[in-house]
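Each remark here refers to the structure printed beneath this line.
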Ligand SMILES: [Zn+2]
């Protein structure tokens, strides 16, 4: 009873509410608002893959032109960044200190993931890391929170040995595509070899625009022996 009263008092002053519709809710993005996000599952596949891609198109998946260069076999994006609910949620996740919104955002990604995943065995997850300076500033890595959501839901292990070695400026603050790509050049380093029984790795990130962050991270992972390198992002 004491706990209930204390919690009620806390709720009175710090209510949980949906950041979009403002209704009181236990999670910060309610089911009604999630249901309003159109399913814009989009898939990029490598032009001439050496291995079978981990993600496959299903009925309403939008296919992008094939990836001609790079180390990524397939990229699955679950929604459009232009959607106001997605944009606002990512803003809260990254800049408004709301790590708990990673749960409902993970559920949106899980919808596309379960629809488009070809196989479920021997997969490892790899969150796109933050540079230590930015991690210190933000207090958490939003990509790791999303990866932890899939770890809990799908029982997939997390590869924690990818490091961001360059403290690059914010990609989203750079408008020019070429500069964005150069900005990420050799930004990552993987420090542990792929284990022999890991068939596929899935990079996890919140948003991608030019794919340059994902491509650079994939390059680092390929150097330590990962063969099938894929990426799952919330929005593009
Ligand atoms: Zn809502």
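The values are calculated or read from the model by the stated rules, or taken from the named source; none is laboratory data. These figures come from a predicted structure and were not determined experimentally. Every residue, glycine as well, gets a Cβ built from its backbone with ideal geometry; the counts of neighbours run over all protein chains shown.
General observations
- Residue 82 being part of a loop (DSSP other than H, G, I, E, B), assigned by TED's automatic domain parsing to the domain that holds residue 138 and either more than 16 Å from the ligand (Cβ to nearest atom) or farther than 20 Å from residue 16 by Cβ (or both): yes
- Residue satisfying all of: in segment 17-38; more than 9 Å from the ligand (Cβ to nearest atom) and either exposed (fewer than 13 other Cβ atoms within 10 Å of the Cβ) or part of a helix (DSSP H, G or I) (or both); modelled with the lowest pLDDT among these: 26
- Selection from segment 195-211 of residues that are surrounded by 22 or more Cβ atoms within 10 Å (Cβ to Cβ) and at negative phi: 200, 201, 202, 203, 204, 205, 206, 208
- Taking residues in segment 128-139 that are in the same structural domain as residue 186 (by TED's automatic domain parsing) and in contact (Cβ under 8 Å) with a residue 12 or more places away in the chain, and partners anywhere that are part of a loop (DSSP other than H, G, I, E, B) and exposed (fewer than 10 other Cβ atoms within 10 Å of the Cβ), not one pair has Cβ atoms closer than 7 Å while being at least 6 places apart or on different chains.
- Within segment 109-123, being modelled with pLDDT under 95 and surrounded by fewer than 19 Cβ atoms within 10 Å (Cβ to Cβ) holds for 111, 114, 115, 118, 119, 120, 121, 122.
- Condition met for residue 211 (in the same structural domain as residue 170 (by TED's automatic domain parsing) and under 14 Å from residue 125 (Cβ atoms)): no
- Scanning segment 120-144 for residues that are within 23 Å of residue 43 (Cα to Cα) and touching a strand residue (DSSP E or B) at 6+ places or on another chain (Cβ under 8 Å) turns up 122, 123, 124, 125, 126, 127, 128, 129, 142, 143, 144.
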